[in-house]
Amino acid sequence: MSPIPPTMDQLLAEQAGLALERFDYGTAWQIGAFIQAAAAERNLPIGIEVSHGATPVFLALMPGSTPDNVDWVRRKRAVALRFHQSSLYMRLLCEAKQWTFATRYRLPDADFAASGGGVPIIIRNVGVVGAVAVSGLPDVDDHRLAVEALKSVQGL
């Protein structure tokens, strides 16, 4: 994995291609289990959350992670749900516009983190129904792992 971020246009195209046909708690667990298995195989010290709306369905801390990672996944999820964009996209948008995220959107840092790793779960012809969030790696790598997991369940 590499910490070089994709462009905003690449992120928009990526998100457009991530829509699922369906999503339920079983799917949430498949997404979370995919990330957990990848993290175990790669020895990644991450926190993982998959939510239905704002309700966590899958939550795990891998060896080497800390309770802070739970807070980070919650805050990244909040960005993905509020803006219907990945938290990495929102970070890059604010950097491009030279905005401070919390100031521009009048949101508390304690509840929102515009740092890569939060990706909305979108159902085709429905919209955003949840989010997957990863924390513990450089934020671009957190984002990529979340996207990899969504791609793994797209055929459902």
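The values are calculated or read from the model by the stated rules, or taken from the named source; none is laboratory data. Since the model is a prediction, treat every value here as computed from it, not as a measurement. Virtual Cβ from ideal backbone geometry, glycine too; neighbours counted across all protein chains shown.
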For segment 29-51, which residues satisfy the criterion of being more than 13 Å from the chain's Cα centre (by Cα) and either crowded, with 19+ Cβ neighbours inside 10 Å or touching a residue at least 12 places away in the same chain (Cβ under 8 Å) (or both)? Trp29, Gln30, Ala33, Phe34, Gln36, Ala38, Ala39, Ala40, Asn43, Leu44, Pro45
If you go through segment 136-148 one residue at a time, do you hit one that is assigned to a loop (DSSP other than H, G, I, E, B), over 29 Å from Gly26 (Cβ atoms) and in contact with a Pro (Cβ under 7 Å, 6 or more places away or on another chain)? yes
Check off (1) part of a loop (DSSP other than H, G, I, E, B); (2) in contact with a helix residue (DSSP H, G or I) (Cβ under 7 Å, 6 or more places away or on another chain) for Val128 and give me the number that stays unchecked. (1)
Pairs under 9 Å by beta carbon, first residue within 18 Å of Trp72 (Cβ to Cβ) in segment 85-112, partner assigned to a loop (DSSP other than H, G, I, E, B) and charged (D, E, K, R), six or more apart or different chains? Phe101/Asp109; Ala102/Asp109
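Out of the residues in segment 44-96 that are of a type in the set (Ser, Thr, Tyr) and assigned to a loop (DSSP other than H, G, I, E, B), state the one that is nearest to Asp109 (Cα to Cα).
The residue in question is Ser86.
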Just give me the residues in segment 55-66 being more than 11 Å from Ser135 (Cβ to Cβ) and either touching a residue at least 60 places away in the same chain (Cβ under 8 Å) or out of contact with any helix residue (DSSP H, G or I) (no Cβ under 6 Å at 6 or more places or on another chain) (or both), in sequence order. Thr55, Pro56, Val57, Leu59, Pro63, Gly64
Can you name the residue in segment 81-108 that is aliphatic (A, V, I, L, M) and in contact with a Phe, Trp or Tyr (Cβ under 9 Å, 6 or more places away or on another chain) and is also nearest to Ile122 (Cα to Cα) among such residues? Met90
Considering residues of segment 91-142 that are polar (S, T, N, Q) and at negative phi only, the residue surrounded by the most Cβ atoms within 10 Å (Cβ to Cβ): Ser135
Given the criteria more than 14 Å from Leu150 (Cα to Cα) and either exposed (fewer than 12 other Cβ atoms within 10 Å of the Cβ) or modelled with pLDDT of 95 or more (or both), does Leu20 qualify? no
